[in-house]
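The numbers here are math on the coordinates, done by the rules we state, and not lab data. This is a predicted model, so every value here is computed, not measured. Positions of Cβ are backbone-derived with ideal geometry, glycine not excepted, and every protein chain shown enters the neighbour counts.
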Amino acid sequence: MRPLAFLCLLTLTGLSAAEEKCVVWKLDDVKAGEQKRLAPGFKRVAEWAKAEKTVVTMGVICDSLAQPNAADVAWIKANAIENGGVIEFWHHGWDHKSWTDAAGKTAWEFKGPDQATQAKHLKDAADLFTKTTGLSFHVFGAPYNQNDDATIAAMDAVPALSIWMYGPKNDPKRQVLGRSLNIEVATGKVSYEKFAQDYTAKKPTGLMLLQGHAGMWSDESFQDFVKIAALLKKDGWTTLTASQYVNRAAKPAKK
Ligand SMILES: [Zn+2]
């Protein structure tokens, strides 16, 4: 066997996804309703992903679909990876609320409320998304990344959710994908300079699940995101959706 062919074969058989350098883009806060419309920033990222022949993931806040906007829903369908597009859409809660209770304590949609309430939010959101788009969620990420033990139990209400982005390490049933580096220095503000510093200092490998709020990005933030993606591409990172990453990691090496 020629050395080059042997090397390619090694690449196929010797590396699992966990050992590879994989990046998953976690972009939060898609809305698609008459009252809460899709932000143009998501369309800009989708166009970029198409041009780059790469993929991203976007989290949907599902109460926006109670009064769906036809054009926004058509955009979700057209861009969904199941329909040949570049986006894996994921479950980002029903209403994305946080509030202060009578005792002055902060609560979130999935941290504070009882299990039944959380289960209802999870199921209502998943059902409405499927009814509106014909698609199904496989991945969950809580608003504000806030959750508690009730959330772990409530997740059984939607068995198709097998992957949890920035989830709790003590969930025995779901594949939890954790947080390492950040691309945003504040919610909605990307910094290439800060990311490049952290990246050089920490030399990450394995999975990098990187969160952003593309709907809030200025032109400058979008350009910094593009620069970060270019840096990772140059350094040999493979870009996947969350489901692609997990399914790839679970498979035995190809023979
Ligand atoms: Zn959010």
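Each stretch of four or more DSSP H residues adds -39500 (n - 2.57); spread over every residue of the chain, this sum gives -11500 deg cm²/dmol at 222 nm.
The residues neighbouring ASP101, those whose beta-carbon lies less than 15 Å from its own, together hold a net charge of 0 under the Lys/Arg +1, Asp/Glu -1 convention. Cross-link partners for LYS77 among the lysines, with Cα-Cα distance under 25 Å and sequence neighbours closer than 8 places in the same chain left out: LYS26, LYS31, LYS36, LYS43, LYS50, LYS53, LYS120, LYS123, LYS131. Put the Cα centre of region 108-173 next to the Cα centre of region 23-90 and the gap is 19 Å. The phi torsions of region 95-104, fed into the Karplus equation with coefficients 6.51, -1.76 and 1.60 and a -60° offset, translate into couplings of 10, 6, 8, 9, 7, 10, 7, 4, 7, x Hz, rounded to whole numbers, with Gly and Pro shown as x. Histogrammed with a bin width of 5 Å, the alpha carbon distances of the chain distribute as 1, 6, 13, 17, 18, 17, 13, 8, 4, 2, 1, 0, 0, 0, 0 percent, first bin at zero.
Among DSSP beta bridges whose residues both lie in the chain, state the antiparallel percentage, nearest 5.
25
Could you tell me the relative contact order of region 146-255? Use alpha-carbon pairs under 8 Å, at least six residues apart, and round to a whole percent. Across region 146-255, relative contact order equals 21 percent. Placing one equal scatterer on every Cα of region 94-166 and applying the Debye formula, the log10 ratio I(q)/I(0) at q = 0.20 Å⁻¹ is -0.82. Note on ASP95 and THR200: their simple-model spin labels are 4.7 nm apart, each label 7 Å out from Cα toward Cβ. Taking the square roots of 5 times each eigenvalue of the Cα gyration tensor of region 143-255, largest first, gives ellipsoid semi-axes of 27, 20, 12 Å.
A Förster radius of 45 Å combined with the Cβ-Cβ distance from LEU231 to ALA102 puts the calculated FRET efficiency at roughly 0.40.
Averaging the sequence gap over all C-alpha pairs within less than 8 Å and six or more residues apart, then dividing by the number of residues, gives the chain a relative contact order of 27 percent.
The shape of region 182-248 comes out oblate: with a ≥ b ≥ c from the C-alpha gyration tensor, a/c is at least 1.5 while a/b does not beat b/c.
Put simply, the amide H of CYS22, placed in the peptide plane, has neighbours under 5 Å in GLY206, LEU207, MET208, THR238, leaving out anything fewer than 5 places away on its chain. In the calculated pair-distance distribution of region 57-184, the portion above 20 angstrom amounts to 44 percent of the Cα-Cα pairs.
Entry note, region 33-176: relative contact order of 21 percent, from Cα contacts under 8 Å with a spacing of 6+ residues. Taking amide hydrogens as placed 1.01 Å from N in the peptide plane, the amide H of GLY212 sits under 5 Å from those of LYS26, LEU27, ASP28, each at least 5 positions away in sequence or on another chain. With distances taken between every two different alpha-carbon atoms, region 29-82 has a Kirkwood hydrodynamic radius of 11.4 Å.
Suppose the chain between LYS120 and ASP149 were pulled fully straight at 0.36 nm per residue; how much longer would it get relative to their current alpha carbon spacing?
Length gained between LYS120 and ASP149: 8.9 nm.
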